1. Between A:Tyr308, A:Tyr223, A:Tyr85, which gets the highest mean-square fluctuation from a Gaussian network model of chain A, Cα cutoff 10 Å?
2. For the pair B:Leu67 and B:Gln29, how long in nm is the line joining their label points, each one 7 Å along Cα→Cβ?
3. Under a point-charge model restricted to the Cβ atoms of Lys and Arg (+1) and Asp and Glu (-1), what is the dipole moment magnitude of region B:78-298 relative to its Cα centre, in debye to the nearest 20?
4. For chain A, set up a Gaussian network in which alpha carbons nearer than 10 Å are linked by springs, and say which option among A:Val20, A:Val184, A:Val299 fluctuates the most.
5. Relative contact order of region A:5-229, please, whole-number percent, based on alpha carbon pairs below 8 angstrom and at least 6 residues apart.
6. Charges only on Cβ, +1 for Lys and Arg, -1 for Asp and Glu: so what's the dipole of region B:130-199 about the Cα centre, in debye to the nearest 20?
7. Taking amide H atoms as placed 1.01 Å from N in the peptide plane, list the residues 5 or more away in sequence, or in a different chain, whose amide H sits under 5 Å from that of A:Asn239.
8. Which whole-Hz couplings ³J(HN,Hα) result when phi for each residue of region A:143-150 is put into the Karplus expression 6.51 cos²θ - 1.76 cosθ + 1.60, θ = phi - 60°, listed in order with x for Gly and Pro?
Amino acid sequence: MSEAVELSGVTKRFGDFTAVDGIDLAVGDGEFFSLLGPSGCGKTTTLRMIAGFEFPTEGSLRIHGTEMGLLPPNKRPVNTVFQSYALFPHMNIEENVGFGLLMKKVGKSEIDERVKRTLDMVQLGSRAAAKPDQLSGGQRQRVALARALVNEPEVLLLDEPLGALDLKLRQSMQLELKELQHRVGITFIYVTHDQQEALTMSDRIGVMNEGRLLQVDDPEELYERPKSRFVANFIGEINLLDGTVGSGGEIELGGDLRVSGGDGLAAGTSVGIGLRPERITLHDDGMVPDGRVALPGTVASRIYHGDYYAYAVETPAGHIDVTEENRAGVQTHDEGIRVVVSWDPSASTVVVD
Amino acid sequence: MSTELRDEPEAVEVTPELEADAERAQARQGFLVALPALGYLILFFAVPLLIVFVYSFATRSSTGRTLLQDWNLDSYRRLWDPLVGEIALRSVVLAVLTTVICLLLSYPLAYYMATRPPKTRNLMMVLVLIPFWSNFLVRTYAWRVLLGSDGPISQLSQALGGEPIRILFTNTAVLIGLVYGFLPLMVIPVYAALERMDWSLVEAARDLYAPGWAAFRKVTFPLSMPGVIAGSVLVFIPTLGAYVTPALLGGARTTLLGDYIVSQFLAARNQPFGSALSVAVMVVMLIAVVIYFRRGGRTL
């Protein structure tokens, strides 16, 4: 059983600029895989290479074991949902959705039947005769999906398909997309710069920056155990405390604080200790339960966010952001008071670079 | 979030009268701005057109003077003269040929231009427009030199051991001259349509299994239709009534609508018939253009 999509050593250069730099990646059958990164990180170029709009300068790209090489887009078993939807403005919805089947020379009655079924699936059966400019953004998005899915591609490529929608619609479409992917069982490769979107929808996420694929993991692992500063910072909020690996494998932080986690790293290596704000607790009275890492500090600011409070605490190890849920029984802390900051040793992660 | 200090606007009840007033004021404003151009067009376009229309019903005296009396339809009856039909047909064939050749030459060029980087595009646009920097009449005279029996084309043919070629004073010469003259008028609108096209639509077509040619036929070409229609109209109309090019490059025996109308006003001294011809050409052209735009509009 070969992987749905397999990239090995894929590099893409435009003149002097390296857009994608030696990517190795395998996406499994039926997986919802996201490529996540800031704009210009190479995620869209990677997607376009899979689609066949660009060809790799180096490396090999296989779909279900077949080398794609210089195969043009129309000969690849993949379909794309474009960021701008790219619906044909001179064709109605039915003609848009049936375009791929028509090009594949599928019989007319089968086209009609499959188009109807797919439009019903995205709840647009009643708008078959409408032109794209008569539909709302969310509806156009659905047509774009239907136009790709009706062809039953081996892999569906989605290039920030929800980017143009407003927040509420985007959130409901996220759930809908995820549900749809389960139902049709097609491999999805989803490009986004929105970490929240990637975390909610994906089976696995690949984080990219400056053309490189930095880390590929499932959402929990990626959030809890980022391996680099970039990934730690890009996904969610995080405190990164500067530390140095000591001779015994422990990590020395400011304020004479020592934590474990430096095993296997050379003494003197500078590392970052990553701590999620919601994993930290503040104590007014200094009563820290046993087994927790503790550090004294002063509350520099408190900001009310409705469902939680955000604190900024100055400590000898550096500035630490803390969030505490706004729920009954959780004590709030005033600005200027002295507190103890604590966290469970397992809650921190070590990043090196 | 509006925390800035601001006086509350006074509550004004918007009545239908107020709204209508505002609309009228806006309409007046637009009208004033358009007035100079409107005045110019009325004075030098609409009024002369009206005069031509009136003259087409007038009577020609035996000495060739136009008498504004005894209004009649004689001039229009003369339009059914087989000679007129022959001239009109020849003109239409020439105009259609010119339009088709212009389109066939322009489309690939416009496509090439529209797919270049923006800087190159602008440069090429300037190059297309360069001929307009010199006078059309001068450029047409240049063709007389080029196409003449001792011109460079003929000389080249002779140098290669062939016969002297004389293209000048033939229909081919007129066609060459017209295509040359009107080519930019086709390139510009087609280029404009292609340039503002969303190329991701072509990628979408390719993604949906369309080979390059099918993607062009199903997506690129239909979406460039507004440019093709505009360009065709811009080329067809002036070529149908072309006068300068046929007069300078054409032969004496191949009369076209343009020279025929001119000859009615000058040599034949038959202003009513010349006017009737002009009116007829305009009406037919107007109907043709309306049909053309309607049909083109449906493909979009």
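1. Between A:Tyr308, A:Tyr223, A:Tyr85, it is A:Tyr308 that shows the largest mean-square fluctuation.
2. Label at B:Leu67, label at B:Gln29, 5.7 nm between them.
3. 300
4. Evaluated over chain A, the most mobile residue of the options is A:Val184.
5. Working: 412 pairs, mean separation 65.5, N = 225.
Across region A:5-229, relative contact order equals 29 percent.
6. Numbers: 4 positive and 4 negative charges, 36 e Å.
The calculated dipole for region B:130-199 is roughly 180 debye.
7. Under 5 Å from the amide H of A:Asn239 lie the amide H atoms of A:Leu275, A:Arg276, each far enough along the sequence or on another chain.
8. 4, 4, 5, 4, 4, 7, 5, 4
Every number here is computed from the coordinates shown, using simple stated rules; none is lab data. It should be emphasised that the depicted structure is a prediction, and the values quoted were computed from it without experimental measurement. Virtual Cβ from ideal backbone geometry, glycine too; neighbours counted across all protein chains shown.
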